[in-house]
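Enquirer: Just passing along the structure, written as structure tokens.
Only the coordinates and a few stated rules stand behind these numbers; no lab work does. Quantities reported herein were computed from a predicted structural model and do not represent experimental measurements. As a convention, Cβ positions derive from the backbone with ideal geometry for all residues, glycine included, and neighbour counts pool all protein chains shown.
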Amino acid sequence: MTELADSGPVTSPADPNATDVADMARLAAGELDALEGLYGRYGTMAYSIAVRVTGDPSMAEDVVQEAFLGVWRGASRFAVERGSVRSWLLAIVHHRAVDHLRRRRPTAELPEDADGAPTPDALTLPDAWDDVAATLDRQAIQRALDAIPAAQREALELAYFGGLTQLEIADRLGLPLGTVKSRMRLGLLALRAKLTVGGPGDNGGHD
Amino acid sequence: MGAMTDPRPGGLTCAEAMELAPAYVLGALEPAELATVRAHLQECPEAHPALAELGSVVPALARSVPITAPAPDLGARIMAAARAEAARAASVAALERPPLGDASHLTEAVPRRGPNGDARPEPERRPFAIVQLLRAPRWAAVAAVLVVTVLGVWGLQLQGTVAGLTAYRDGVTAVVDAAAAPGARLAVLRAAGGPSGLAAVSSSGLTLVVRDLAPTSGRQVYEAWLIGSDGQPLPAGSFGVGGDGIGRLVARMPVEEAGVVVALTREPGPGATTPSLPVLIQGKATGA
């Protein structure tokens, strides 16, 4: 990203991602203090996601710690990836949370490491996507989510927050795999439409 | 890759891969399916806009959760863990390098002048890792020593890896520092599946770090070139590479235009005036 090479003051309050990118550059250069800034901005959101996925405050703390250490270790790789720092960081949190959840489940297929022991170096960094709702707040997103068909919302929630694979969702709901796949696809597209077309504001009177 | 286009990159057609896209962006694929989708995306030349369309909804899902405040000291615990890990990496690197060993990774004036052609007094050639430890708070040093005893059994391979990572991170630090100079530009150096690195170009010279380079032997060197708008490659300096695959260069030279292309070749010896092809990696210096 070319932001790294900008001369002069890098932080412009108008663009939170500029502050984030500057912190990532400092982290990549070994300045650990930059991690504090990122935690200050995203620690609560990270913890909230971890609690939502794991349902366990102490496991959620482990998840957040691993995720921020992963951000630090992966900082030098961030510069060449797409997406905002926030989306990337929260994707790492989600990835770690689901990983913890699956390890706890006896039937889950574990990654190949000896005796299922977590290997610290196995921290893989997920893709970062553009955020279609970057400027929307939680309530607006929640309203959009409430406005899509319940069966699609259920599929999205079981996958993203429940940590279930599409096969496990089909099994749990007693549905053909194809139905689950299409509910996930339609759910994502419906949510995208609610989030983009004029925002979800029209739905404010709902409930 | 190559002239023939594989209709099933990674074992999947694009249609098959995109059928798995919703579960892929949500993290809901079985491990084997995930591996095939990743392989497809890596090998397939197509752009897959449907994937980005579905994926762009996922950050919103992440931000839809109810807010739960973490314990007030969680941030401090995370910072302590990160500092302990940094100290550990530094101490492992210190173990790997005896105090008077090859210090080429820390001497900044890498464009070498010849064995004794330099009249400068020999500075203290402490391995950088020890310098880092001395700068760290005392508790960190103590913790590092404790960890070192535990790590003693981990074996040479890990030590080499960590030392290499630390050397690379040090190189990145130097480049980022150089890129902070007024008017400086940053170049990302890349080649498909090959070495990668970063370079900063300013009016006073070039600073670069590259990893995953094959070690040099004999008189072999890697030579950095600056190619301006006239297309003429100017040699900027050379360096050797050891077993860790990390190469660093700090070349002081006047650079008239900042928007140059930085390129790297391997040469049979120092002092090349025209690059021996192929160019291993290159990148254009960009910035404000």
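Enquirer: B:Pro9: net charge of surrounding residues, Cβ under 13 Å, Lys/Arg +1, Asp/Glu -1, itself excluded?
Expert: -2
Enquirer: Another question, then. On the first, second and third principal axes, largest extent first, how far apart are the outermost C-alpha atoms of segment B:1-92 in Å?
Expert: 55, 42, 22
Enquirer: Per the Kirkwood definition applied to all pairs of different Cα atoms, how many angstroms is the hydrodynamic radius of segment B:227-270?
Expert: One decimal place: 12.3 Å for the Kirkwood radius.
Enquirer: Report the convex hull volume per residue for segment B:170-288, counting only C-alpha atoms, in Å³.
Expert: Enclosed volume per residue, from the Cα hull, is 95 Å³.
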